[in-house]
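Student: The structure that follows is given in the form of structure tokens.
FYI, it's all coordinate maths here, none of it is from the lab. Just so you know, these numbers come straight off a predicted model, no measurement behind them. With ideal geometry, Cβ positions are generated from the backbone for all residues, glycine too; neighbour counts draw on all protein chains shown.
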Amino acid sequence: MALDKPYLDVPGTTIFDAEQSRKGYWLNQFCMSLMKAPNRERFLADAKAYLDEWPMTQAQKDAVLARDLNRCIAEGGNIYFLAKIGATYGKSFQQMAGSMTGMTEEEYRDMMIAGGRSVEGNRHPGEDGSAQPQHQPQGSAAKAGF
Amino acid sequence: MARITASVYTSHVPAIGAALDLGKTHEPYWQKVFSGYEYSKQWLRETKPDVIFLVYNDHATAFSLDLIPTFAIGTAAQYQPADEGWGPRPVPTVMGHPDLAAHIAQSVIQDDFDLTIVNKMDVDHGLTVPLSLMCGQQDKDSGAWPCPVIPFAVNVVQYPVPSGRRCFNLGRAIRKAVESYDEPLNVQIWGTGGMSHQLQGPRAGLINAEWDKRFLDRLIAEPEALAQVPHIDYVREAGSEGIELVMWLIARGAMSDHAPAVKHRFYHVPASNTAVGHLILENT
């Protein structure tokens with residue numbers, strides 16, 4: 001019998017469950033390695049060579065090189081692990097979160113100061129809130145990724 | 001005997017730690033956050049806990065995907081602030097209370113909650129940011145936290161996380177465990193994380209102040225009913241990372257069955273991506 005997964009239909013959201021975790025195991029474990037300063041230095045010096053030391057898929061490596069967190073999550077990454085990539089590049093959690101919306105850093109920061117993203121229209125598929133597929137990307141960021 | 005006298009609830013946003021560590025506390029943006037903790041620092045100095053039982057979640061720091069304990073109790077003598085990728089926070093070493101921690105582990109496991117026992121781990125912002133908020137800035141070398149801390153880590157990173165009901169009942173078992181400890185210790189329990197926030201995907205930045213305020217009301221007045229709320233409601237209404245709020249139910253479950261005294265309540269949006277909620281409840 002299939003497991004009950006009521007969280008699969010939340011717009012703009014990927015829940016990190018056992019299935020995602022299995023898919024992203026090496027991607028996330030690579031991220032853990034960035035908790036050591038010498039590893040961060042090696043990664044910054046040659047990211048591609050560093051990634052090639054890990055048994056990650058090419059799609060995972062490409063997503064990391066593009067610093068595209070939405071793609072990393074689609075490949076099984078979890079944001080708390082992925083945050084270590086951003087930290088290595090000196091980015092804050094706000095810069096990382098904002099980079100997944102298509103907004104510029106300033107646009108995202110302003111949205112948060114104004115009270116954050118409303119839940120209205122963003123609870124279920126088919127509604128018309130800002131996180132729904134028909135409204136992507138949301139801002140004027142020139143590229144995906146941070 | 002030992003007793004739990006009070007509970008503290010607070011968000012544990014990493015940017016709050018960064019604001020403290022980088023000297024940004026006087027910026028208007030951060031002043032609004034820190035103003036909510038002025039009373040709390042005074043309250044903590046006056047209530048002088050002997051031990052703080054601190055419920056938090058590890059953010060892929062001590063626990064990678066190699067090992068994912070649902071509930072982990074720290075029984076070590078001390079814990080170092082972790083390097084989460086930005087370098088370790090410049091805050092004091094966290095001293096543990098191995099004897100009380102081992103006592104609680106034994107009692108709670110015999111009460112059917114299967115804890116993981118941790119004798120060695122570093123602690124991340126989930127644990128150190130609440131300490132900084134409640135104790136004020138402490139120098140790494142010349143400063144110190146006011147008392148020993150028992151870290152209690154809850155998995156809220158990989159689904160399924162424990163249910164609200166399970167957390168609330170675990171709190172009750174912790175209360176019973178503390179009360180069976182012979183030494184007359186003044187123990188506080190802190191529940192941390194939340195409130196509404198989402199750090200991922202096109203829905204990042206979600207805040208639901210109405211839901212958060214209702215959560216605070218119910219946490220005070222009807223925690224057992226609040227504990228029945230299913231995970232999906234947290235995710236849909238308070239964002240994927242809003243699920244951290246189940247940890248507050250552990251602290252609430254550890255309080256007495258009588259109505260608590262509400263000593264302090266604070267709510268502010270935003271700190272970085274997150275709604276900051278904070279409560280102090282005392283047993284009456």
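Student: Can you list the lysines whose alpha carbon sits under 24 Å from that of residue B:176, skipping same-chain ones fewer than 8 residues off?
Tutor: B:48, B:263
Student: A further question follows. May I ask you to give the average projected area over all directions of the convex hull of the Cα atoms of chain A, in nm² rounded to one decimal?
Tutor: For chain A, the mean projected area of the Cα convex hull comes to 10.0 nm².
Student: Just from its helices, what would the mean residue ellipticity at 222 nm be for chain B, if runs of 4 or more DSSP H residues each count -39500 (n - 2.57) and the sum is divided by every residue, rounded to the nearest 500 deg cm²/dmol?
Tutor: Counting only the DSSP helices, I get -10000 deg cm²/dmol.
Student: What translational D, rounded to a whole number of µm²/s, comes out for chain B from Stokes-Einstein when the hydrodynamic radius is the Kirkwood one over Cα pairs, at 25 °C and 0.890 mPa s?
Tutor: 132 µm²/s
Student: Assuming R0 = 25 Å, what is the FRET efficiency of residue B:142 and residue B:46, from their Cβ-Cβ distance, to the nearest 0.05?
Tutor: 0.60
Student: Give me, ordered by chain and number, the residues 5 or more places off residue B:123 or on other chains with an amide H under 5 Å from its own placed amide H.
Tutor: Excluding prolines and chain starts, which carry no amide H, the hits are B:80, B:82.
Student: Amide H neighbours of residue B:149 under 5 Å, counting only residues 5+ apart in sequence or on other chains, H built in-plane at 1.01 Å?
Tutor: Result for residue B:149 returns B:52, B:95, B:96, B:97.
Student: Mind checking the log10 I(q)/I(0) for segment A:91-146 at q = 0.19, 0.23, 0.25 Å⁻¹? Debye, one equal scatterer per Cα, no solvent, two decimals.
Tutor: Evaluating at q = 0.19, 0.23, 0.25 Å⁻¹ gives log10 I(q)/I(0) of -0.66, -0.92, -1.03.
Student: Also: Along the charge dipole of the protein assembly as shown, pointing to its positive end and built from +1/-1 on Cβ of Lys, Arg, Asp and Glu, which listed residue (B:167, B:88, A:140) has its Cα farthest out?
Tutor: Positive-end residue among those listed: A:140.
Student: Exposure proxy check: B:145, A:26 ranked by fewest other beta carbons within 10 Å?
Tutor: Working: B:145 18, A:26 15.
Going from sparsest to densest Cβ surroundings: A:26, B:145.
Student: What list of ³J(HN,Hα) couplings, whole Hz, do you get for segment A:17-25 from phi and the Karplus terms 6.51, -1.76, 1.60, once you set θ to phi - 60° and write x for glycine and proline?
Tutor: Karplus-based 3J(HN,Hα) across segment A:17-25 equals 10, 4, 5, 4, 4, 5, 4, x, 3 Hz.
Student: For the protein assembly as shown, build the charge dipole from Cβ charges (+1 Lys, Arg; -1 Asp, Glu) around the Cα centre, then report which of B:7, B:62, A:94 sits farthest towards its positive end.
Tutor: Highest projection toward the positive end goes to A:94.
Student: Step by step: find N for the protein assembly as shown, compute 2.2 N^0.38 Å, then divide the Cα radius of gyration by it. What's the final number?
Tutor: Computed over Cα atoms of the protein assembly as shown, the ratio equals 0.93.
Student: Exceeding 29 Å between C-alpha atoms, which entries from my cross-link table qualify? They are A:143/B:32; A:84/B:41; B:120/B:140; A:61/A:143.
Tutor: Result: A:143/B:32; A:84/B:41 exceed 29 Å.
Student: Then there's this: How do B:220, B:4, A:15 rank when sorted from fewest to most other Cβ atoms within 10 Å of their own Cβ?
Tutor: With the sparsest Cβ surroundings first, the list reads B:220, A:15, B:4.
Student: May I pose another question? Enumerate the calculated ³J(HN,Hα) couplings along segment B:18-28 in order (Karplus 6.51 cos²θ - 1.76 cosθ + 1.60, θ = phi - 60°), each rounded to whole Hz, writing x wherever the residue is Gly or Pro.
Tutor: 5, 4, 5, 5, 9, x, 9, 5, 8, 5, x
Student: Continuing with this model, one more query. Over segment A:47-126, what is the relative contact order in percent, taking alpha-carbon pairs closer than 8 angstrom and at least six residues apart?
Tutor: Reported relative contact order: 17 percent.
Student: Could you give each residue of segment B:161-168 its phi-based ³J(HN,Hα) in whole Hz, using Karplus coefficients 6.51, -1.76, 1.60 with θ = phi - 60°, and x for Gly or Pro?
Tutor: 8, x, 6, x, 5, 4, 5, 4
Student: How large is the charge dipole for segment A:55-146, taken about the Cα centre, if only the Cβ atoms of Lys, Arg (+1) and Asp, Glu (-1) carry charge, to the nearest 20 debye? Display every interim value, and only then the final one.
Tutor: Values: 9 positive and 10 negative charges, 79 e Å.
Charge dipole, segment A:55-146, about its Cα centre: 380 debye, nearest 20.
Student: Something else now. As an exercise, identify the GluC sites (Glu not before Pro) in segment A:4-102 lying in DSSP coil whose Cβ has no more than 15 other Cβ atoms within 10 Å.
Tutor: A:53
Student: If only Cα atoms are counted, what is the Rg of segment B:15-101, and what is its Dmax, in Å?
Tutor: Final numbers for Rg and Dmax: 15.7, 43 Å.
Student: Then there's this: Quick check on chain A: helices-only [θ] at 222 nm, where DSSP H runs of length 4 and up contribute -39,500 (n - 2.57) each and the sum goes over total residues. Nearest 500, please. If you can, show how the numbers build up before the last one.
Tutor: On the way: 9 runs with 68 residues, N = 146.
Taking each H run of at least 4 residues, the total per residue is -12000 deg cm²/dmol.
Student: Still on this model: Place a +1 charge on the Cβ of each Lys and Arg in segment A:17-89 and a -1 charge on the Cβ of each Asp and Glu, then give the dipole magnitude about the Cα centre in debye, rounded to the nearest 20.
Tutor: 160 debye
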